[in-house]
Structures are given as C-alpha cells and as structure tokens.
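**Q** A single structure is presented below for examination.
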Amino acid sequence: MDIGLVAFITDYGISSTELAQAAESRGFESLFLTEHTHIPAARETPYADGRELPTEYSHTFDPFVSLAAAAAVTDRIKLGTGICLVSERDPIVLAKEVASLDQLSGGRVLFGVGAGWNKEEMRNHGVDPARRWTVTGERIKAMQAIWSQEEATYHGEYVDFDRIWSWPKPAQTPWAPVLVSGGGRGALDRVLEYGDGWLPIYGEVRDRLPEMITTLREGAAERGRPAPSVTVYWAPREVEVLSELAAAGVDRVLLRVPVGTADVVLPRLDSYAPLFDAVG
C-alpha cells in the first residue's frame, strides 16, 4: 500500500514546491492538493462536522498551477487533485489543463474528481446542486472523449460539442487515472461508469470499507473491466488502522498535511516515517 499526502496550499503556508520536494525526499508516493475556487461570504451550507469553516478553504491556490510548480522541482512523486471540483469547471478547458500537466510532469497525474458540497459555491458557477453529479459525470465523459480521440465529439444534456481538435493528449494512456470521490453506493456506481479508481474519505466509510471494496470489485468483474484502485483520503495516522486498510485491499492512503509554514509541516512529515515500515 502506498502512502501519499493531501494538503491545502494557501497564501500563508508552505509552498507547493517546498512541500513536494520534502515529500519526495521522504519517500511519499504522491501529493494531492485540494480545491475551492472561492467561498461565498453568505453561506447556508454547513461544514461537515458543524464547526466554522476553516480559513484555509478560502485561501487555496489553484491546484493545477500549484501542481505544475511542484512538477518542475520533482522527478518521481505523483501529483493529484484531491479533489478537483469538476462541476465548477469548463470541461474543454479542464481537459487541456489535465493533459498539459500530465505531459509536463512526465505522466505523473492522478485526477481526483468530485462534485463539491458547498451549494452556494456551485450556484455561483451556474450549477444546480441537485444536478451536480449529473453535470460532473457528463463533463468527465466529455473530457475522456477529448483525451482519447483525435477528433472528439460529445452530446449530452450539459455538455455538447461537435468535432473538436485539442492537444496535448495526456502522457498516460488512455488518460490520467480518474479517481472518483464519494462514500455511498452511488459513488461506486459512478466509479464503475467512468472512473479508474475510488477516492473515499476515511471517516465516511470507516465501518463499511471492506464490504464496499468487495462490491466494487464484483461490479468491475461483472462489467469485464479492471478492478478500480482504492485511495483513502484523510486516513488516520495509526499503524493498526493502516494495516487494516492494507489488508482490506486499499492501494493508497492519503495522510493530511497540517496547514502552516515549513516549521509546522516538515516535522509532521518526519513523524510519519514509522508508518512506512508498518504498512510495507
């Protein structure tokens, strides 16, 4: 099982370049960066655990700009979005951003995707929250057409275009792996429909994870397709839990990086070192 990191890169914390270099030198497999285009000042949607929304949510850098900077100063570490809010982005532009990053990084992109949770944020992008996963699914399938076809066409309810040319194509074939977020049965269906992997938050699936992995693999076998990978987001920093995740068939865990400057972040990365021996 691989161990990666997930971080909020903000205008008052460690840079993506310094974090990526530190993570690579310490043996982490991947670095995933979060995304929020903005946070509406008047917000009715509650934060998940009932607390006030942490400051970092409204201070994040664009993940693709940050990951491109990280790619320029590293050689090995994989570069992920955790998660890209596809419902809030134009699919033709986003397809080019992902493909460009994959080419420039030498095929190191992991494209974590989701539809978002902040309803006001979605509405500011013209998206009906009730339809966010439908919109997201269409945009992902349209991007996959762009990545895999020399002359792409897509016709859907929310995405519609005839015969377009768009290069570069991703360095990875047929595209950078699409890791679909979500913790319910609907998430598994979406992974099987258009995903290459599943990206659940640990706290949302803790008690159901082995059963859901089995269901996902059975669904893939029924469709005659490869089993999707499983990446657990915000995994706990506990050897026993990580060993259980590895035994359940999890391919990758993402440990949370604290928000702060290097003097806060780097000691935390060092504290994770014993976990590598524990999970092999």
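**Q** For the condition closer than 20 Å to residue 154 by Cβ and aliphatic (A, V, I, L, M), what is the one hit in 65, 73, 109, 127?
**A** After ruling out the rest, the residue left standing is 127.
**Q** Now a separate question. Do the conditions hold for residue 137, that is, is it within 20 Å of residue 177 (Cα to Cα), crowded, with 20+ Cβ neighbours inside 10 Å, in contact with a strand residue (DSSP E or B) (Cβ under 7 Å, 6 or more places away or on another chain) and modelled with pLDDT of 95 or more?
**A** No, not satisfied.
**Q** Here is a follow-up. Residue 227: of a type in the set (A, V, I, L, M) and either in a loop (DSSP other than H, G, I, E, B) or more than 22 Å from residue 30 (Cβ to Cβ) (or both), yes or no?
**A** Taking the combined requirement at face value, the residue satisfies it.
**Q** Here are the criteria: (1) open to solvent by less than 70 Å² (accessible area, probe 1.4 Å); (2) touching a residue at least 24 places away in the same chain (Cβ under 8 Å); (3) under 16 Å from residue 83 (Cβ atoms). Tell me which single one residue 256 does not satisfy.
**A** (1)
**Q** Next question, about the same structure. Failed condition for residue 46, given (1) buried (at least 22 other Cβ atoms within 10 Å of the Cβ); (2) without any contact (Cβ under 8 Å) to a residue 24 or more places away in the chain, with all others met?
**A** Result: residue 46 passes all but (1).
**Q** So which of 24, 97 is within 26 Å of residue 161 (Cβ to Cβ), open to solvent by 10 Å² or more (accessible area, probe 1.4 Å), out of contact with any His (no Cβ under 6 Å at 6 or more places or on another chain) and free of Cβ contacts under 8 Å to residues at least 60 places away in the same chain?
**A** Only one candidate passes the filter, namely 97.
**Q** Let me ask you something else. Look at residue 34 and say whether it is open to solvent by less than 40 Å² (accessible area, probe 1.4 Å) and among the β-branched types (Val, Ile, Thr).
**A** When the stated conditions are applied, residue 34 passes them.
**Q** Additional query: State whether the residues of the range 163-181 include one that is more than 17 Å from the chain's Cα centre (by Cα) and part of a strand (DSSP E or B).
**A** yes
**Q** Given the condition touching a Pro at 6+ places or on another chain (Cβ under 7 Å), open to solvent by less than 50 Å² (accessible area, probe 1.4 Å) and part of a strand (DSSP E or B), answer yes or no: does some residue in the range 188-203 qualify?
**A** Yes, the range 188-203 contains a residue that is touching a Pro at 6+ places or on another chain (Cβ under 7 Å), open to solvent by less than 50 Å² (accessible area, probe 1.4 Å) and part of a strand (DSSP E or B).
The values are calculated or read from the model by the stated rules, or taken from the named source; none is laboratory data. Worth saying up front: this structure is predicted, and the values here are computed from it rather than measured. Positions of Cβ are generated from backbone atoms using ideal geometry, with glycine treated the same way; all protein chains shown enter the neighbour counts. Heads up: the accessible areas ignore ligands, DNA and RNA and are worked out on the full protein's heavy atoms, side chains in. Shrake-Rupley method; radii C 1.70, N 1.55, O 1.52, S 1.80 Å.
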